[in-house]
Amino acid sequence: MPTSVSVITAMTENGPAGMTVGTFTSVSLDPPLVAFYVDLGSTTWPVLAEADHFGINVLGAHAGDLCRAFARRGAERFLGVEWSPSGHGVPWLSDAIVSIDCTPHSVDRIGDHLHVVGRVEAIAQQRSDEPLIFLRGGFVDMSAIADRGAGR
């Protein structure tokens, strides 16, 4: 299934931390809730889960390298990445099309994943690119579809 790509971020006692997910979705408008899934084997999620706030940075079509950087294991993922702190100190990636500041709402184990739900505290559109879409091990170019819709 095609999925959009987001980077989950938080400020930790050791500095900014983040990881790539391909499962971000809206859950509720009232209250404003969003969600994503994390593999139980993730070594980054336990670090992010310690924070009072976390960010969801929705990546645009131009950000394939950023997606890969935050998907690597054991690497310094923020090296060379431009970001700024949200009002709660959450790293908002400058190359994200939308950044969302959340407080944890619930975390439930579902099979071999955690279902993480966050309450939206702040949101900012940073760019107007098409979203980065992942499908069958690669990225899908959505520009042709976007161009068709622009002519209506």
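Where a number appears in this text, it was derived from the coordinates with a stated rule and is not lab data. Values in this document were obtained by computation on a predicted structure and should not be read as measured data. Cβ: placed from backbone, ideal geometry, glycine included. Neighbour counts: every protein chain shown.
Miscellaneous remarks
- Normalised contact order of the chain, rounded percent, pairs of Cα under 8 Å and 6 or more residues apart: 27 percent
- Total formal charge among the other residues, if their Cβ is under 12 angstrom from that of residue 62, Lys/Arg +1 and Asp/Glu -1: -4
- Interchain or long-range residues, amide H under 5 Å from residue 97's placed H: 58, 59, 60
- Computed extension length for residue 26-residue 52: 7.3 nm, one decimal, from 0.36 nm per residue of separation with the Cα-Cα distance subtracted.
- Helix-only arithmetic for the chain: the sum of -39500 (n - 2.57) across DSSP H runs with n ≥ 4, divided by the residue total, places the mean residue ellipticity at 222 nm at -3000 deg cm²/dmol.
- Sites residue 94 and residue 68, calculated FRET efficiency, Cβ-Cβ separation with R0 25 Å, nearest 0.05: 0.90
- Kirkwood-based shape ratio for the chain, expressed as Rg/Rh from alpha carbons: 0.95
- Trypsin sites (Lys or Arg not before Pro) restricted to segment 18-92 and DSSP loop, no more than 14 other C-beta within 10 Å: 72, 73
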